[in-house]
Amino acid sequence: MFSRFSLFAVVLAFGLVSGLSLSVVLKPSKLKLPTNKKILGLQQQTEELAARAPGNSAPCFDYYIPIINGLSDQYQLDYNKCAKDYDTASELVLAAWNSTLFGIQASGDSGCNTFFDCSSIVDSVLAFECFANVGAEQSKIMYQVSANATEAAVQIKIHLQTLDSQLETCLNYSERDFVEGTAHYYEELNKCLAGAPVPQETTTNWYYTTA
């Protein structure tokens, strides 16, 4: 009886011999997986080695393809965690400034509303004097509103830029782990296809996570 992965490995080997690309028979990913010239070269070498000796390929694919697919799954988990942590932190930053925003809005609204009292004065001279006095007072308030709003905007930008940097670092670590792990196990797979023995036990620590 074939195991699920053994049957998959036979199909994979047959597919490579039949001219299918390795990327077609590997487990599809929801994300565009990072790659480099080394990985592309190793994948091409895998196809060539499998085509030379298809009968000996199944045990190698049976062992290494689940590990390579596992790297893809882990990359997607790490990528999603980076994005989720970024979104959560961004929402917390904006929420922390809500009270400041509401205060600035209230000050602005209050300043505008004070002019309505002047508009109800019938005597023109008194009305103009009212607008002059209120305008002078409100100019001080509006200046402070402007200063507070500018400071808040600067601080929020600083926090969000820090989060952008942290997100980039997190994604870079995820990509590095995936690329290095994928290259390593394609090298091991190709050694196996070239005649090296299949490991007897599944490798346990084959990836790093961003958790």
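The values are calculated or read from the model by the stated rules, or taken from the named source; none is laboratory data. These figures come from a predicted structure and were not determined experimentally. Cβ sites come from the backbone with ideal geometry, for glycine too, and all protein chains shown count toward neighbours.
Does the stretch 91-100 hold any residues that are touching a residue at least 40 places away in the same chain (Cβ under 8 Å) and more than 18 Å from Leu167 (Cβ to Cβ), and which are they? Please lay out each step first, then the result.
As a first pass, look at the stretch 91-100 and keep what is touching a residue at least 40 places away in the same chain (Cβ under 8 Å): 93-94, 97, 100.
Scanning the stretch 91-100 gives Trp97, Thr100.
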Original post:
Hey, any hits in the stretch 22-40 for a residue that's in contact with a Phe, Trp or Tyr (Cβ under 6 Å, 6 or more places away or on another chain), within 17 Å of Ala183 (Cβ to Cβ) and modelled with pLDDT of 90 or more?
Top reply: no
**OP:** Considering only the stretch 127-185, state which residues are in contact (Cβ under 8 Å) with a residue 40 or more places away in the chain and either more than 22 Å from the chain's Cα centre (by Cα) or over 16 Å from Cys82 (Cβ atoms) (or both).
**Re:** Val145, Asn148, Ala149, Ala152, Gln155, Ile156, His159, Gly181, Thr182, Ala183, Tyr185
**OP:** Spot the failing condition for Val198; the list is (1) closer than 30 Å to Ala96 by Cβ; (2) in a loop (DSSP other than H, G, I, E, B); (3) modelled with pLDDT of 85 or more; (4) aliphatic (A, V, I, L, M), and only one is missed.
**Re:** (1)
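For the structure I just gave you, tell me whether Asp177 is touching a Phe, Trp or Tyr at 6+ places or on another chain (Cβ under 6 Å) and either charged (D, E, K, R) or modelled with pLDDT under 80 (or both).
Numbers: touching a Phe, Trp or Tyr at 6+ places or on another chain (Cβ under 6 Å): yes; either charged (D, E, K, R) or modelled with pLDDT under 80 (or both): yes.
Here the answer is yes, as Asp177 does meet what is asked.
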Original post:
Can you pull out the residues in the stretch 30-68 that are without any contact (Cβ under 8 Å) to a residue 60 or more places away in the chain and in a loop (DSSP other than H, G, I, E, B)?
Top reply: Lys30, Leu31, Lys32
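Taking Leu163 as the residue in question, decide whether it is under 30 Å from Gly41 (Cα atoms) and aliphatic (A, V, I, L, M).
Working: under 30 Å from Gly41 (Cα atoms): no; aliphatic (A, V, I, L, M): yes.
Judged against the criteria, Leu163 is not a match.
Every residue, every condition in (1) among the small types (Gly, Ala, Ser); (2) within 19 Å of Gln166 (Cα to Cα), yes or no:
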| residue | (1), (2) |
| --- | --- |
| Ile68 | no, no |
| Asp73 | no, no |
| Asp78 | no, yes |
| Ala89 | yes, yes |
| Phe102 | no, no |
| Ser107 | yes, no |
| Val122 | no, no |
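One line per residue, one yes/no per condition, for (1) surrounded by 11 or more Cβ atoms within 10 Å (Cβ to Cβ); (2) modelled with pLDDT under 85:
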position: Asn80; (1), (2): yes, no
position: Ala89; (1), (2): yes, no
position: Gln105; (1), (2): yes, yes
position: Asp109; (1), (2): no, yes
position: Phe115; (1), (2): yes, yes
position: Ser124; (1), (2): no, yes
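Restricting attention to the stretch 69-78, which residues are among the charged types (D, E, K, R) and in contact (Cβ under 8 Å) with a residue 60 or more places away in the chain?
Filtering the stretch 69-78 down to residues among the charged types (D, E, K, R) leaves 73, 78.
Residue satisfying the conditions is Asp78 alone.
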